[in-house]
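Asks: To start, I am sharing the structure in question, which I have written as structure tokens.
The values are calculated or read from the model by the stated rules, or taken from the named source; none is laboratory data. Because the structure is a prediction, the values reported are computed rather than measured. Every residue, glycine among them, receives a Cβ derived from its backbone with ideal geometry; neighbour counts consider all protein chains shown.
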Amino acid sequence: METRELTCINCPLGCRISVTMEDGNIISVTGNTCKRGYLYACNEVRMPVRTVTTTIKVTGGEVDRVSCKTKEPVPKDKIFEVMEAINKASCKAPVAIGDVLIEDCAGTGVAIVATKAAGNV
Ligand code: SF4
């Protein structure tokens, strides 16, 4: 039997959640105030994922970089590779919010999308 202590990151309450597991199976989840916390805890012990938010280089634009994020959460252990791929990439202005800047980032199958616009010079 193993117990994992987590802090839910889905809202500012930050509930402390305990997940008890045996042979890889979840036996109990306690401490969550709502169902979102329950689902977060189950996913966190099985396959933790995160949405990555950062910036990407822009060429020919009025700004050098534009903010972006992963369209969906990516496995936590892929975050370093995702950041490396974004840091090596660049996009051309103009950029509109929601534009796909990288189709399949670091083999995750998840796109990188712009979260801010960048016009031409
Ligand atoms: S369990 Fe629910 S109430 Fe508690 S931090 Fe998570 S989302 Fe917020």
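Asks: Hey, can you tell me all the residues within the stretch 1-15 that are surrounded by 13 or more Cβ atoms within 10 Å (Cβ to Cβ) and more than 21 Å from the chain's Cα centre (by Cα)?
Replies: Across the stretch 1-15, the qualifying residue is only Arg4.
Asks: Of the residues in the stretch 1-17, how many are within 12 Å of the ligand (Cβ to nearest atom) and within 22 Å of Asp77 (Cα to Cα)?
Replies: So the count comes out to 6.
Asks: For the stretch 20-74, name all the residues that are touching a Ser or Thr at 6+ places or on another chain (Cβ under 6 Å) and small (Gly, Ala, Ser).
Replies: Ser28, Gly31, Ser67
Asks: For the list (1) away from the ligand (no atom under 16 Å from the Cβ); (2) exposed (fewer than 15 other Cβ atoms within 10 Å of the Cβ); (3) over 26 Å from Leu101 (Cα atoms); (4) not basic (Lys, Arg), I need the number of the one condition that Thr30 fails.
Replies: With (1) away from the ligand (no atom under 16 Å from the Cβ); (2) exposed (fewer than 15 other Cβ atoms within 10 Å of the Cβ); (3) over 26 Å from Leu101 (Cα atoms); (4) not basic (Lys, Arg) applied to Thr30, the lone miss is (1).
Asks: Hey, another quick one. Run Lys35 past the list (1) within 12 Å of the ligand (Cβ to nearest atom); (2) closer than 30 Å to Val100 by Cα and report the number of the one that doesn't hold.
Replies: Answer for Lys35: the failing condition is (2).
Asks: Further, regarding this structure: When the residues of the stretch 44-103 are filtered to those that are assigned to a strand (DSSP E or B) and touching a Gly at 6+ places or on another chain (Cβ under 8 Å), which remaining residue is surrounded by the fewest Cβ atoms within 10 Å (Cβ to Cβ)?
Replies: Lys92
Asks: Follow-up. Here are Ala111, Ala41, Ala118: which of them is of a type outside the set (Ser, Thr, Tyr), within 30 Å of Thr3 (Cβ to Cβ), in contact with a Cys (Cβ under 9 Å, 6 or more places away or on another chain) and touching a residue at least 12 places away in the same chain (Cβ under 8 Å)?
Replies: Going through Ala111, Ala41, Ala118 in turn, just one is of a type outside the set (Ser, Thr, Tyr), within 30 Å of Thr3 (Cβ to Cβ), in contact with a Cys (Cβ under 9 Å, 6 or more places away or on another chain) and touching a residue at least 12 places away in the same chain (Cβ under 8 Å): Ala41.
Asks: Confirm whether Thr20 is near the ligand (Cβ under 8 Å from one of its atoms), surrounded by 12 or more Cβ atoms within 10 Å (Cβ to Cβ) and farther than 26 Å from Lys78 by Cβ.
Replies: No; evaluated as a whole, the condition is false for this residue.
Asks: I would also like to ask the following. Between a residue in the stretch 1-27 that is assigned by TED's automatic domain parsing to the domain that holds Tyr38 and in contact (Cβ under 8 Å) with a residue 12 or more places away in the chain and any residue that is within 16 Å of the ligand (Cβ to nearest atom) and among the charged types (D, E, K, R), which pairs come within a Cβ distance under 6 Å, given they are 6 or more apart or on different chains?
Replies: Going by the 6 Å Cβ cut-off, the qualifying pairs are Leu6/Glu44; Asn10/Arg36; Ser18/Glu5; Val19/Arg4.
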